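Okay, so here's the structure we're looking at.
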Amino acid sequence: MGRIVNASELNSRFRSNLRWEQLTELSVPASFALLEGSFCAILADKMFAAPGWVLALLTSAPMWANLSSVFWNPLTRGLPKVPTILALQALTLACLGIVVALPQGDNQLGLALLVSAMVSGRLLISGIITVRSVVWSLNCHRDVRARSTARLHTLTSVVTVSVASLAGLVLDNDPGYFRWIYAVGVLPGIIGIWCFWHVDVPGELRQRVLERRSRAVATRSSLGGLRILWSDRNYGRYMLYQFVSGIANMGIEAPIVYLVSRELGASFLTSISITLVIPFVSGLLALPFWAKYLDRSHVVRFRYIQSYYLLASTLLLWAGAELGSLLVIGIARIIGGLVRSAGGIAWQIGHNDFAPRASLSGYMSVHVTLTGIRGAIAPFLFMALYLGIADWSGLGAGVFLFATAVACLSAWGFWRLMRDLDA
């Protein structure tokens, strides 16, 4: 029979785990920042004159790569969590080496290898997210889960914007330095892997037993995710309205990169600042407030409030695009950062407000998979609407008004679900 662990020891283990997780978030994101969709899209645009569909592919890769959770969830079910995450982190760092080895003087091959490295890295990161959500669920109690996750997300944001800003300054000085940036970027990731190796997961053995017992049920049909949505109708409705909201939120990223980097001709640093740094910084400042609010409210109410910020952001983006104003677009991105930080923390742990403990990874897998589906649709749809197809000239700036209409629809859905849950 296992040894009984008292509350003080659990608290000590929680503090130790949080300490090692914080050290990980100060190092690994410095490497993974170089695989951010907007950063890679700007690099592809400036260095290889990438066409619009490639920019849509790169900006959406962090989202549609989540489709691989259908693969990661059954593959990692019942496995030890920390060693699995460590292996995926190491493989992700190997993707940075592909960029270091990009050939010179061959834009087509260079662009193809850059896209391959970025996409492969995002697929691996999706696996890390899927497994790590279980670690967070086991390590954090419900009443502090959002704040603990927010603390880690804060460190990730600080490191990401710092690396992206520094890289922008270096690339404005000499774009050819991008190989050195990726070579140096591997080093902090190695340190982060060593730090995460020290993380302990209380209750993991019991969790792995639960996952193995549920594996038989999960593997009877490839429609396990649909079964969750069908059996838990409220979660199904939540996923539907979140899908609609995500269409608007994800769809605007590729047109923003094209507008700022290509049409308005902003520099590396300015383009990276508007598309990546500004949203991260504003979201970082708002994160503690979002975390406190989520800890004391249901995720549906949380998403309903978030919808208003999405509406304001898309409306300002439309105005900035019409005026050709980087200032107005920058203000819109500040508000968009509030949407991003709220969505980031709710995306990671919001499913806990619906899921039984034995089905934590299953619920997260459904959420991640649906994120991947809309990520595979929205950026390409919005890019086509923005630039047009064949003889049609497209909506141009009107695509941001279209995003506003979609956001209104999701807000209405969250309001209805919130009302029904309250009743």
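The values are calculated or read from the model by the stated rules, or taken from the named source; none is laboratory data. Treat the numbers as computed from the prediction; the structure is a model and nothing was measured. Virtual Cβ from ideal backbone geometry, glycine too; neighbours counted across all protein chains shown. SASA here: full protein model, heavy atoms, side chains in, ligands and nucleic acids out. Shrake-Rupley method; radii C 1.70, N 1.55, O 1.52, S 1.80 Å.
In region 225-250, the residues that are in a helix (DSSP H, G or I) form no Cβ pair under 6 Å with any partner that is open to solvent by 50 Å² or more (accessible area, probe 1.4 Å) and among the aromatic types (Phe, Trp, Tyr), whether six or more places apart or across chains.
Among the listed residues Leu86, Leu75, Leu67, Leu55, identify the single one that is over 16 Å from the mean Cα position of the chain (by Cα), under 30 Å from Ser271 (Cα atoms) and of a type outside the set (Val, Ile, Thr). Answer to the check: Leu55.
Annotation for region 304-313: no member residue is at pLDDT below 85 and under 26 Å from Leu226 (Cα atoms).
The set of residues in region 170-202 being charged (D, E, K, R) and within 24 Å of Asp106 (Cα to Cα) consists of Asp172, Asp174, Arg179. Those residues that are among the aromatic types (Phe, Trp, Tyr), open to solvent by 20 Å² or more (accessible area, probe 1.4 Å) and within 16 Å of Ile256 (Cβ to Cβ), I need them from region 390-420; list them, please. Answer for region 390-420, where residues must be among the aromatic types (Phe, Trp, Tyr), open to solvent by 20 Å² or more (accessible area, probe 1.4 Å) and within 16 Å of Ile256 (Cβ to Cβ): just Phe402. Here Arg340 qualifies as more than 30 Å from Trp230 (Cβ to Cβ), assigned to a helix (DSSP H, G or I) and charged (D, E, K, R). Just for region 1-43: of the residues that are within 30 Å of Gly97 (Cα to Cα) and part of a loop (DSSP other than H, G, I, E, B), which one is modelled with the lowest pLDDT? Result: Leu26. Scanning region 264-283 for residues that are among the hydrophobic types (A, V, I, L, M, F, W, C), assigned to a helix (DSSP H, G or I) and open to solvent by 30 Å² or more (accessible area, probe 1.4 Å) returns Leu269, Ile278, Val281. Here are the criteria: (1) of a type outside the set (Asp, Glu); (2) modelled with pLDDT of 90 or more; (3) open to solvent by less than 40 Å² (accessible area, probe 1.4 Å); (4) touching a Ser or Thr at 6+ places or on another chain (Cβ under 6 Å). Tell me which single one Ser126 does not satisfy. Of everything listed in (1) of a type outside the set (Asp, Glu); (2) modelled with pLDDT of 90 or more; (3) open to solvent by less than 40 Å² (accessible area, probe 1.4 Å); (4) touching a Ser or Thr at 6+ places or on another chain (Cβ under 6 Å), Ser126 misses just condition (2). Residue pairs whose Cβ atoms lie under 8 Å apart, sitting 6 or more positions apart in sequence or on different chains, and linking a residue in region 299-319 that is under 14 Å from Arg340 (Cβ atoms) to a partner that is among the polar types (S, T, N, Q) and open to solvent by 40 Å² or more (accessible area, probe 1.4 Å), are Leu310/Asn249. Among the residues of region 368-423, just one is touching a Gly at 6+ places or on another chain (Cβ under 7 Å) and charged (D, E, K, R), namely Arg374.
Tell me which residues, restricted to region 343-373, are assigned to a helix (DSSP H, G or I), open to solvent by 20 Å² or more (accessible area, probe 1.4 Å) and among the hydrophobic types (A, V, I, L, M, F, W, C). Correct list: Trp347, Ala358, Leu370, Ile373.
Restricting attention to region 96-120, the residues that are assigned to a helix (DSSP H, G or I), hydrophobic (A, V, I, L, M, F, W, C) and open to solvent by 10 Å² or more (accessible area, probe 1.4 Å) add up to 8.
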